[in-house]
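Contents: one structure, followed by commentary.
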Amino acid sequence: MTNSPSSASSPNKAPLAPLPAPYDDLELRVRYSETDRMGVAHNRVYFDWFEMGRTEFCRRKGLSYREIEERDVFLVVAEAFCRYRQPLRYDDCFLVRTALRDISPKKASFAYELRTLDGTGIIAQGYTVHIAVNKSGTVSAMPDDVFARIGGP
């Protein structure tokens, strides 16, 4: 038995698959309320940033989340993952790069990268999987136009 950290042999060292094109970039800045006592961005806010990227991705496709929900479709998170590569600190600026990884009438998967402002350094990578449900929480297909707008070019 060795005294190495448990992450030394972790399978999580390999990067996730590159983001598929097209992707959308959103520039953000770490706010004070998003940091811990040492000024480092708390791991929970990475998922907030993913949500902001996903929301803007859909909006730039011509469809806001509000419009989706007005159609009696709710994209609930069924799975979420984040691999942290390097810390972000208070007042750091960064990009949230968002892409649609996969879509079917009842499911959408988004991939994310948090990158340095110049786009070259990866800060974190992740993905979320969303299931389409109606107001009663029953899995249901997205309306054709919603499906086409989110998944279209």
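Among the residues making up the stretch 20-39, those that are on the phi < 0 side of the Ramachandran plot and touching a Lys or Arg at 6+ places or on another chain (Cβ under 6 Å) are Y23, D24, D25. If you check L63 against the conditions, is it in contact with a His (Cβ under 9 Å, 6 or more places away or on another chain), surrounded by 14 or more Cβ atoms within 10 Å (Cβ to Cβ), of a type in the set (A, V, I, L, M, F, W, C) and in contact (Cβ under 8 Å) with a residue 40 or more places away in the chain? Here the answer is no, as L63 does not meet what is asked. Y90: more than 14 Å from D24 (Cα to Cα) and among the aromatic types (F, W, Y), yes or no? In short, yes. Just one of the listed residues (E34, E70, E51, E79) is touching a His at 6+ places or on another chain (Cβ under 7 Å) and more than 16 Å from A148 (Cα to Cα), namely E34. Looking only at the stretch 1-32, residues that are of a type in the set (V, I, T) and at pLDDT 65 or above come to 1 in all.
Could you please let me know if V73 is buried (at least 17 other Cβ atoms within 10 Å of the Cβ) and in contact with a Pro (Cβ under 8 Å, 6 or more places away or on another chain)? Yes: the conditions hold for V73. Screening F57 on (1) outside any helix (DSSP H, G or I); (2) free of Cβ contacts under 8 Å to residues at least 60 places away in the same chain shows it passes everything except condition (1). Just so you know, in the stretch 123-136 the residues that are among the hydroxyl-bearing types (S, T, Y) and within 8 Å of the chain's Cα centre (by Cα) include one that is surrounded by the most Cβ atoms within 10 Å (Cβ to Cβ), and it is T128. For the stretch 91-122, a residue qualifies if it is aromatic (F, W, Y) and over 10 Å from the mean Cα position of the chain (by Cα), and exactly one does: F94.
Look through the stretch 21-51, keep the residues that are surrounded by 15 or more Cβ atoms within 10 Å (Cβ to Cβ) and part of a helix (DSSP H, G or I), and return whichever of them is nearest to the chain's Cα centre (by Cα). Looking at residues that are surrounded by 15 or more Cβ atoms within 10 Å (Cβ to Cβ) and part of a helix (DSSP H, G or I), I get F50.
Could you pull out the residue among L117, L88, L100 that is more than 23 Å from G152 (Cβ to Cβ) and touching a Ser or Thr at 6+ places or on another chain (Cβ under 9 Å)? It is L88. Residue count for the stretch 90-122 satisfying the condition of being in a strand (DSSP E or B) and exposed (fewer than 13 other Cβ atoms within 10 Å of the Cβ): 2.
Here's the yes/no breakdown for (1) of a type in the set (A, V, I, L, M); (2) within 21 Å of P22 (Cα to Cα):
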| site | (1), (2) |
| --- | --- |
| R44 | no, no |
| W49 | no, yes |
| R54 | no, yes |
| L63 | yes, yes |
| R66 | no, no |
| G121 | no, yes |
| V133 | yes, no |
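The values are calculated or read from the model by the stated rules, or taken from the named source; none is laboratory data. Just so you know, these numbers come straight off a predicted model, no measurement behind them. Ideal geometry is used to build each Cβ from the backbone, glycine not excepted, and the neighbour counts take in all protein chains shown.
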